[in-house]
Amino acid sequence: MDERLSGVHRGPMAAGEWVRLTDAKGRRHNIRLEDGKKFFTKFGEIAHDALIGQPEGIVVESSLGGQYLVFRPLMHEYTTSMPRGAAVIYPKDATQIVTFADIFPGARVLEAGAGSGALTTFLLRAVGESGLVSSYEQREDFAEIATRNVEQFFGGPHPAWRLTVGELGESVVDTDVDRMILDMVDPWEYVALAGQVLVPGGILCCYVATTTQMSRVVETLRAHGEFAEPAAWETMQRGWHLEGLAVRPQHSMNGHTAFLVTSRRMAHGQRALAKKRRPAPGAYGPDYSGPRPADLPE
């Protein structure tokens, strides 16, 4: 694989690259290095030329004595600080998607929507130049932001990325897809489409924010009948304060961002196994109005 397509740069820092400056209090600044340019902080200025040609991991001092640690940003740092149109999928969820949707080198992945391009960067690194990430985004302004962010990270257009501006149901051209990732308000509306384009054994992964969305997409998958029993979960991330004997959880944490729902496409014409355990009393009672599994009466 061409190393440039990983988004990772080695060797001395060069003009045109993005670097991250971090002070002793953990405050961060991302700057794009340019010959002759200066970066200004309340502790004075830092000449870009003092960084260009230097290795990562140096400490640079501003004109008024402020000290900053300099590294190229890692992918998870880049995606949380990139310019946004739509909200980004945070690294704690993006890495779960890459792992539990089993994104592999050479995979053919359909993504909707593209948002600001955060998840797209994770998917492209995972599929490599031999794979395909086919992204669909309804809003042209979001598509433009996603394009800038993705190309900035990889240093130019990625050969494995195809971005289509338009509504998924009307614009889809993909067939024989290995993985389908839906980040949208109503992913249940595209379960039938997933059944058409996913290969047998393929995985559908939905990213939803609320319990009602999660329930609706799970029940729609069950009602379809040709998807294996869905799995659903959320991930919370909590850091720790570490100072001698003062070891405790941090007061703030990355709590709920979204739920993930995954399910595997069965072979065409095959029906999912009926659940042996009956639903809880009232689960599909008179107040329930959503889709019903095929083996339950109306």
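The sole residue among Thr95, Thr99 that is of a type in the set (Val, Ile, Thr) and in contact (Cβ under 8 Å) with a residue 12 or more places away in the chain is Thr95. Taking the criterion of being among the hydroxyl-bearing types (Ser, Thr, Tyr) and exposed (fewer than 10 other Cβ atoms within 10 Å of the Cβ), the residues of segment 246-298 that qualify are Ser252, Ser289.
Which residues, taken from segment 187-196, are open to solvent by less than 10 Å² (accessible area, probe 1.4 Å) and either in contact with a Leu (Cβ under 8 Å, 6 or more places away or on another chain) or under 13 Å from Leu168 (Cβ atoms) (or both)? Full working, then the answer.
Initially, segment 187-196 is screened for residues open to solvent by less than 10 Å² (accessible area, probe 1.4 Å), giving 187, 191, 194-195.
Selection gives Pro187, Val191, Ala194.
Pairs meeting the criteria (first residue in segment 259-283 and in a loop (DSSP other than H, G, I, E, B), second residue open to solvent by 60 Å² or more (accessible area, probe 1.4 Å), beta carbons under 6 Å, at least 6 apart or on different chains) are Ala267/Pro200; Ala274/Asp295. Annotation: Met1 fulfils all but one of (1) modelled with pLDDT under 90; (2) in contact with an Asp or Glu (Cβ under 8 Å, 6 or more places away or on another chain); (3) crowded, with 16+ Cβ neighbours inside 10 Å; the unmet one is (3).
In summary, Val19 fulfils each of the numbered conditions (1) surrounded by 15 or more Cβ atoms within 10 Å (Cβ to Cβ); (2) over 23 Å from Val150 (Cβ atoms); (3) in contact (Cβ under 8 Å) with a residue 12 or more places away in the chain with the single exception of condition (2).
The criterion of at least 3 residues that are within 22 Å of the chain's Cα centre (by Cα) is met by the following strands (runs of 3 or more DSSP E) wholly inside segment 1-96: 18-22.
Does segment 92-108 contain any residue that is on the phi > 0 side of the Ramachandran plot and modelled with pLDDT of 95 or more? There is at least one residue in segment 92-108 that is on the phi > 0 side of the Ramachandran plot and modelled with pLDDT of 95 or more. Of Gly169, Gly155, all but one fail to be over 30 Å from Leu33 (Cβ atoms), touching a helix residue (DSSP H, G or I) at 6+ places or on another chain (Cβ under 8 Å) and open to solvent by 30 Å² or more (accessible area, probe 1.4 Å); the exception is Gly169.
Pick from segment 210-236 the residues that are hydroxyl-bearing (Ser, Thr, Tyr) and farther than 19 Å from Leu193 by Cβ: which of them is least open to solvent (accessible area, probe 1.4 Å)? Write out each step before concluding.
Pass one, segment 210-236, residues hydroxyl-bearing (Ser, Thr, Tyr): 210-212, 215, 220, 235.
Of the ones still in play, those that are also farther than 19 Å from Leu193 by Cβ are 210-212, 215, 235.
On the way: Thr210: 58, Thr211: 86, Thr212: 102, Ser215: 55, Thr235: 31 Å².
By that ranking, first place goes to Thr235.
Quick one: which of Arg139, Arg84 is within 20 Å of Cys206 (Cα to Cα), open to solvent by 20 Å² or more (accessible area, probe 1.4 Å) and not aromatic (Phe, Trp, Tyr)?
Working: Arg84 fails: within 20 Å of Cys206 (Cα to Cα).
After applying the criteria, what remains is Arg139.
The values are calculated or read from the model by the stated rules, or taken from the named source; none is laboratory data. This structure is a prediction, so every number in the text was calculated from the model and none was measured. Note: ideal-geometry Cβ built from the backbone for every residue, glycine included; neighbour counts use all protein chains shown. What goes into the accessible areas is simple: the full protein's heavy atoms, side chains included, and nothing from ligands, DNA or RNA. Shrake-Rupley method; radii C 1.70, N 1.55, O 1.52, S 1.80 Å.
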